Amino acid sequence: MKTRIQSYLPGDHPWQNHIYWFETIDSTNTRAKEMAANGAPHGTVLIADRQTGGRGRMGRSFHSPAGCGIYLSVILRPECAAEKLMHLTCATAVAAADGIENASGLRPGIKWTNDLVVERKKLGGILTELSLKSNAMVDYAIVGIGINCTQDAGDFPEDIRSIATSLQLSTQKKPDRAFIIANILISLCDMCKDLQSPSKLLPRYRADCITIGQEISVVRGEEIRHGKALDIDDAGGLIVVFSDGHRETVSSGEVSIRGMYGYA
Ligand code: BTN
């Protein structure tokens, strides 16, 4: 698999010789954090055929069966303060959508903040994690991407079956995981050039974000509030007007959202 991925990358791609392939791993994000803490360079790529402890946002798990998906993490070392990277998850979602589109012709939408969706079902998700130096500058960022590729509806665990989809279900074609991974790596590497210019990246996120204009529920712990998503601010926060007229920007660390009538 690793050699096939490399064969689809341009020979001089800067990440070409920093790719690690694992048959089974707990979580590519967790292992990437360990490697980054031990000095692995910018552009180190970890890919697994199977994860036993795939993680999602807000402590959720990401179902990662063998041979069915793309489970990928990249170590980035942008030289900036953490506050300059508030849009990193949004930028990564757009880069993942670019890679999927270039490889398969299908462009997923994005459900704020980090879900890739097709026809209002979840195709995959993004998990970004930052580590800071003592001076509040970024030491490293891990961008993790999970994409369902070859599952049939019955392959998903029952609790997510009605809201999950795969590339194969959506396109009726068997996806070539190595080709999609290579295209995502190319898009991610391109994104890094503009990473400190959110004004370039966020308009693209807004264009892909299916949440804008939707009636939504904002869930914070036990509390559920209803409103309408208006826009995304320059830090990737969701601007919501609630049913009492109150307007607020919610940030992804605190809340999750649901469509008024289901997942998206
Ligand atoms: C989410 O759905 O909230 C995000 C899912 C992110 C899953 C990917 S798979 C590769 C990387 N390793 C992990 O443990 N998680 C991310």
Springs between alpha-carbon pairs under 10 angstrom, Gaussian network model over the chain: which of A136, A164, A153 fluctuates most? A136
Using only Cα atoms, locate the centre of segment 128-177 and the centre of segment 221-264, then give the distance between them in Å, rounded to an integer. 22
Answer in debye to the nearest 20: the dipole magnitude of segment 1-115 about its Cα centre, from +1 Lys/Arg and -1 Asp/Glu charges placed on Cβ, is 240
Which residues qualify? For D139, with a placed amide H closer than 5 Å and at least 5 residues away or on another chain, they are S131, L132, K133
So what's the net charge close to P175: Lys and Arg +1, Asp and Glu -1, counting the other residues with Cβ under 15 Å from its Cβ? 0
Taking 0.36 nm per residue of separation between M1 and D176 and subtracting their Cα-Cα distance, the length gained on full extension comes to 61.9 nm
Scalar couplings 3J(HN,Hα) for segment 98-107 by Karplus 6.51 cos²θ - 1.76 cosθ + 1.60 (θ = phi - 60°), nearest whole Hz, x for Gly and Pro, are 4, x, 5, 5, 4, 8, 10, x, 9, 9
Counting helices only, and only those DSSP H runs with n ≥ 4, report the 222 nm mean residue ellipticity of the chain as the sum of -39,500 (n - 2.57) divided by its residues, in deg cm²/dmol to the nearest 500. -7500 deg cm²/dmol
Which one, G54, G154, G109, has the greatest fluctuation when you compute a Gaussian network model over the chain with C-alpha springs under 10 angstrom? G154
DSSP beta bridges in the chain [antiparallel fraction, %, rounded to 5]: 85
What are the residues whose amide H is under 5 Å from the amide H of C149, where those residues sit 5 or more places off or on another chain and H is modelled from the backbone? G69, I70, L167
Work out the count of Lys pairs in the chain where the Cα-Cα distance is under 20 Å, with the pair 8 or more places apart or on different chains. 14
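Here, each number is a calculation from the coordinates, and none is a lab measurement. This structure is a prediction, so every number in the text was calculated from the model and none was measured. Methodologically, a virtual Cβ is constructed for each residue, glycine included, from the backbone with ideal geometry; neighbour enumeration extends over all protein chains shown.
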